[in-house]
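What follows is a set of notes on a single structure, which appears directly below.
The values are calculated or read from the model by the stated rules, or taken from the named source; none is laboratory data. Note that the coordinates shown come from a computational prediction; the quantities given were computed from them, not determined experimentally. Heads up, the Cβs are rebuilt from the backbone with ideal geometry, glycines too, and the neighbour counts pull from every protein chain shown.
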Amino acid sequence: MQIIVNGTAHSTGAGTLAALVEELGHDAAVVATALNGDFAPRGARAATPLAEGDRVEILAPMQGG
Amino acid sequence: MQIIVNGTAHSTGAGTLAALVEELGHDAAVVATALNGDFAPRGARAATPLAEGDRVEILAPMQGG
Amino acid sequence: MQIIVNGTAHSTGAGTLAALVEELGHDAAVVATALNGDFAPRGARAATPLAEGDRVEILAPMQGG
Amino acid sequence: MQIIVNGTAHSTGAGTLAALVEELGHDAAVVATALNGDFAPRGARAATPLAEGDRVEILAPMQGG
Amino acid sequence: MARFYNIEVASRFMLGTAGYPSPAILSDAIAASGAEIVTVSLRREGAGGQGAAFWELIRATGARVLPNTAGCKSVKEAVTTAQMAREVFDTPWIKLEVIGEDDTLQPDVFALVEAAAELTRQGFQVFPYSTDDLIVAERLLSAGCEVLMPWGAPIGSGRGLNNPYQLRSLRAHFPGVPLVVDAGLGLPSHAAAAMELGYDAILLNTAVAKAGDPVAMARAFGEAIIAGRRGFEARPIEARDMAAPSTPVAGTPFWQSG
Amino acid sequence: MARFYNIEVASRFMLGTAGYPSPAILSDAIAASGAEIVTVSLRREGAGGQGAAFWELIRATGARVLPNTAGCKSVKEAVTTAQMAREVFDTPWIKLEVIGEDDTLQPDVFALVEAAAELTRQGFQVFPYSTDDLIVAERLLSAGCEVLMPWGAPIGSGRGLNNPYQLRSLRAHFPGVPLVVDAGLGLPSHAAAAMELGYDAILLNTAVAKAGDPVAMARAFGEAIIAGRRGFEARPIEARDMAAPSTPVAGTPFWQSG
Amino acid sequence: MARFYNIEVASRFMLGTAGYPSPAILSDAIAASGAEIVTVSLRREGAGGQGAAFWELIRATGARVLPNTAGCKSVKEAVTTAQMAREVFDTPWIKLEVIGEDDTLQPDVFALVEAAAELTRQGFQVFPYSTDDLIVAERLLSAGCEVLMPWGAPIGSGRGLNNPYQLRSLRAHFPGVPLVVDAGLGLPSHAAAAMELGYDAILLNTAVAKAGDPVAMARAFGEAIIAGRRGFEARPIEARDMAAPSTPVAGTPFWQSG
Amino acid sequence: MARFYNIEVASRFMLGTAGYPSPAILSDAIAASGAEIVTVSLRREGAGGQGAAFWELIRATGARVLPNTAGCKSVKEAVTTAQMAREVFDTPWIKLEVIGEDDTLQPDVFALVEAAAELTRQGFQVFPYSTDDLIVAERLLSAGCEVLMPWGAPIGSGRGLNNPYQLRSLRAHFPGVPLVVDAGLGLPSHAAAAMELGYDAILLNTAVAKAGDPVAMARAFGEAIIAGRRGFEARPIEARDMAAPSTPVAGTPFWQSG
């Protein structure tokens, strides 16, 4: 399945957002996720299926002003 | 009939806005009128009936910054 | 003898600047003196005679900006 | 005779300031002169002899702020 | 020539008509100012019919009028006032003021943008009295305004340009839009400075009307605005940090080169 | 009318003649400025005799000349230069510059006062280019000067009025003395601001000569100086800390008083 | 003590964490600043998992975090970013930035107010980065904000307080609301001046992060903020137009009274 | 560490001792300020012998004293006062004030230079209270002064730095000379700003003594001076004309890059 992760095309076998986060090796407790522009809370990731063409954002803490 | 003209209680026998303007001695071509907060164009005054308690504004040119 | 001390007429029996300072009850080690506009050092006061009409300044530490 | 005119070495046969001004082709009525740092008025140039090594300034109107 | 909604004017001075010692002084001040545009207002007409007399006086000056919505605090009030002004003054021009705060008479930029959009839809040509906010400016342009009128300082304060940086920023971001500094100026030099920033015109009232000699002050501002604009067009020198001689140093007499 | 050593002039603008792109532009700039007084200098005459041509050009403008002692760094140099200038330009007027420092061209106030006294003794009418120092001003007046010319900013810097407070203080302390802001201005608004402080005149050069269009800039400064003076005489409003409405509030329509 | 949404802090300095030469310097700068609140952000996580390391570093400082929505240009973006930040940083606090213009990073006050209202509804405690507009301030308060953060100057410009008058006006109109000058400062004296206006705190980043020595500059700003606040509370003298002696004149020696 | 005539001090704050509400407050203010140098004066001693008590109070603070010649208007007065002060306070240091004008207390730079030369010949170490004039500064250095103390504004005016340009110029021209801004400051931010210009120290009195809470204000100025100096040494960012983001733009979420 082809999706877009953080703006880049990505081929994944993950069926859910939670699986995707794990597949990418991120620490699930540190990142925040959005699916197609809407916030996807941590607790809902496992129940959030991915579909062809989805746009996923995975964000993490970074310096800011 | 009791109406309010420019914020002051006014007893009038005028049935229309046009009649009121004439009753008050204003030059109809110089003033602008509003009835209950809405603009009442000059050409529509004769066809604009007044009712008890109406709020009428009659404005004229004045200095401004 | 009439002299002027700090701008005020003063009648004194003191024959020297040192005697005047003592007469006035000042602490000789704390004040500085000038005679007729010139500095009179502490060590020279005893040898500095006073004359009728002399202008004496006796200054002491004071707040300053 | 060697003199310095406006900062530059100059060989002249002129015996007076007036002669020098003429020799250099200046309009005597437009320039002002100084000899060895002192002003030499126009009327005195003819009576002002030049000597070996003299420093002469010949100035003329120029733009200024 | 400056251009506002396809009207060209030679004078870059818009003068307010409020608060003069007398109608005659107002009339003379307008003449002295050279202004071709004057602001006017609408007020409740009393028995005396002073409105007609004032209107006659203004018409006699030959100036184009720019009615305002001074004192309005809501979109509705501003729109109704504008409609009435259009009828009386027979012009699509409206100086749109929506005041958000009584002490400083600061524009309410939210109501301003909304009223500007509504009035534009109704065919008005809106001159919005605004702050120096870039984003508000963009919204006003999107709403259909073809002129912007940022404040120099609060109305009547006479302070001059409170934030020249922001005014410069506005000028830089909207190079093609007529920009007018409206309100807050006190001295002719303030007006000249605004023009030197590249502004297209100045609108003011109090600084003239309340001066000791309003007619002379009107003339002074008129001259200062011309001077500032001309200076802007003549491409000024840039300010420098270290001084430079204005008299050439070549050819300095010898005693000066030691 | 301003008055300098019993000479009355209608224009309050004194223009420098250095650094223009061409003699024709200089000539046009003088005409455009309205200045009745222009500053000139003396320099070493070369073979070409340009001095006479320049002098002819200046004379053709009809302006009164104010020769300077630009570049002088000592009393002796300044006095000798002044003597030479008096002969060439046939005027007792001298703009006295004694420069103490090459980078900023700041006046050397010590040499300035001494040279002013000496020149006054010799019958000159001295226009001293000075700082904004009150005590120096007093000394210059005691030395016989009847005009003071404090700087606005370093020569050629185009910065405007670096210390308006001190310039105001000078004006307040010497109400009867002709005061000229000399040097450092860059924009017409700077000149207007100086005039609004009550100064009697402006002397400048670089801001005009080095502008993109010197002739237009000369005119712009001329206008700004007139505007600033007129504004001063018209008694400006005072700047206020809180805004006040410029449109009368009595008679505001009802929806505006809710 | 300053108070923001019922959290009391001893330090009135909020420090940004972006753009430091190294994590160690950031860490040291936070310590040197004395700040108890630091701003942080969210960015796309790469493979390296730097996010966790950064988060660890910040947690180690003991500072409370104020996540921002930097870079957001719409209400939707800002709200989604805020939601994600709340989850990651486990705080209801959000520094709400909605940028309307790329060059100056000026806040879009329309989107700002809308986003502030939405986030408040969702339980956030919003710190809105805004302009110095009084009416916008009122809207933000109505939207539920209990802090206001007007800019001093555009982000990263280092200019200081571009419009002190307007900042004073804000302070005067909202005496009970915590006010923070956010952005545009360059020097410790800028921060002190803002505190002397009665502001409650300062938020800045670039002036520290990009200084030659960020750690020393962090300390300098920390000290300046304390100094400015203390000076405000100590009731400063008012500026005077004419000088007065600071040394008593009574008892002056005779040669000084002639 | 700053150094004045081979004396090193850790604090860059010199505090005046005049005009405090009480001796106790003066004492506390000195302690709170951190100043290691305080200015004192001489006045006519009355019968009460207050001089000894004051001197005792000052000695108890442990601060080094810098006696002044406040109120002196001539070289003679200043020299005699300095001689008397040296004897009483047992120090070669003298803050040399020669006032030329009663209203503004502006230094008389002519008398100042002459008195500085005479006092240097007599072995004094002179701290001359001066204007911001570069040439005067040169003369004072030639006269033997190893410190310069230009004013920020007239004594007691609380205005801050009236002419920052000229103060910067002084700093640039005399990089190796200890420079102290003396007089005219009103707020801690003024002191910080002077330090950020690279000045070595601040001397003030009225702003502390006449504050609502002199002890707190003394501390505030002390902190501001430290902050300003540290900021100067930490190499501040330069002010920019256009804003730049302080949050990195790389890695911005996708909805922010559309």
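Annotations
- Boolean, G:G184 is away from chain H (no Cβ under 11 Å), on the phi > 0 side of the Ramachandran plot, assigned to a loop (DSSP other than H, G, I, E, B) and in contact (Cβ under 8 Å) with a residue 12 or more places away in the chain: no
- Extreme residue, nearest to the other protein chains (Cβ to nearest Cβ), among residues of segment E:234-258 that are modelled with pLDDT of 65 or more and surrounded by fewer than 17 Cβ atoms within 10 Å (Cβ to Cβ): E:R235
- Test set (1) assigned to a loop (DSSP other than H, G, I, E, B); (2) among the aliphatic types (A, V, I, L, M); (3) touching a Gly at 6+ places or on another chain (Cβ under 7 Å) - E:L105 fails condition number: (3)
- Selection of segment G:196-210 for residues being in a helix (DSSP H, G or I) and either under 14 Å from G:R159 (Cα atoms) or more than 9 Å from every other protein chain (Cβ to nearest Cβ) (or both) yields G:T206, G:A207, G:V208.
- Hits in segment G:95-118 (condition: surrounded by 24 or more Cβ atoms within 10 Å (Cβ to Cβ) and either on the phi > 0 side of the Ramachandran plot or more than 12 Å from every other protein chain (Cβ to nearest Cβ) (or both)): G:L96, G:L105, G:A115, G:A116
- Within segment G:36-54, tally of residues that are at the interface with chain A (Cβ under 7 Å from one of its Cβ atoms) and surrounded by 20 or more Cβ atoms within 10 Å (Cβ to Cβ): 9
- Looking across segment C:37-65, the residues that are of a type in the set (D, E) and under 12 Å from the mean Cα position of the chain (by Cα) come down to C:D38, C:D54, C:E57.
- One residue from G:R171, G:R159 being more than 20 Å from G:T104 (Cβ to Cβ) and surrounded by fewer than 24 Cβ atoms within 10 Å (Cβ to Cβ): G:R171
- Among residues of segment H:57-94 being at the interface with another protein chain (Cβ under 8 Å from one of its Cβ atoms), of a type outside the set (A, V, I, L, M, F, W, C) and closer than 22 Å to H:T131 by Cβ, the one that is farthest from the chain's Cα centre (by Cα) is H:K76.
- Tally of residues being touching a Lys or Arg at 6+ places or on another chain (Cβ under 8 Å) and either assigned to a helix (DSSP H, G or I) or at pLDDT below 95 (or both) across segment G:211-224: 5
- When the test is whether a residue is in a strand (DSSP E or B), more than 7 Å from chain F (Cβ to nearest Cβ) and at pLDDT 95 or above, D:I4 passes it.
- Test: residue in segment H:211-227 that is more than 7 Å from chain G (Cβ to nearest Cβ), under 16 Å from G:H190 (Cβ atoms) and surrounded by fewer than 24 Cβ atoms within 10 Å (Cβ to Cβ): no
- Of all residue pairs spaced 6 or more apart or on separate chains, those with beta-carbon atoms under 8 Å, a first member in segment H:6-21 that is more than 7 Å from chain C (Cβ to nearest Cβ) and without any contact (Cβ under 8 Å) to a residue 24 or more places away in the chain and a second member that is assigned to a strand (DSSP E or B) and surrounded by fewer than 24 Cβ atoms within 10 Å (Cβ to Cβ) are H:E8/H:A2.
- Some residue of segment D:45-54 being facing chain F (nearest Cβ under 7 Å) and either surrounded by fewer than 20 Cβ atoms within 10 Å (Cβ to Cβ) or assigned to a strand (DSSP E or B) (or both): no
- Matching residues in segment E:134-180 - criterion: being in a loop (DSSP other than H, G, I, E, B) and touching a residue at least 60 places away in the same chain (Cβ under 8 Å): E:E146, E:V147, E:P178
- Number of the condition not met by E:E146 [criteria: (1) over 26 Å from G:L140 (Cα atoms); (2) buried (at least 24 other Cβ atoms within 10 Å of the Cβ)]: (2)
- If the condition is being part of a loop (DSSP other than H, G, I, E, B) and either touching a Gly at 6+ places or on another chain (Cβ under 7 Å) or within 25 Å of F:P178 (Cα to Cα) (or both), then segment F:225-244 contributes F:A234, F:R235, F:P236, F:I237, F:E238, F:A239, F:R240, F:A243, F:A244.
- The one condition in (1) within 14 Å of G:R230 (Cα to Cα); (2) under 13 Å from the mean Cα position of the chain (by Cα); (3) of a type outside the set (V, I, T) that H:D182 fails to fulfil: (1)
- Search result, residues across segment H:104-129 that are in contact with a strand residue (DSSP E or B) (Cβ under 8 Å, 6 or more places away or on another chain), small (G, A, S) and either farther than 19 Å from F:V113 by Cβ or free of Cβ contacts under 8 Å to residues at least 40 places away in the same chain (or both): H:A116
- Listed by first and then second residue, the pairs with beta-carbon distance under 6 Å, at least 6 apart or on different chains, first residue in segment A:14-43 and more than 7 Å from chain G (Cβ to nearest Cβ) and free of Cβ contacts under 8 Å to residues at least 12 places away in the same chain, second part of a loop (DSSP other than H, G, I, E, B) and surrounded by 18 or more Cβ atoms within 10 Å (Cβ to Cβ), are A:E23/A:A14.
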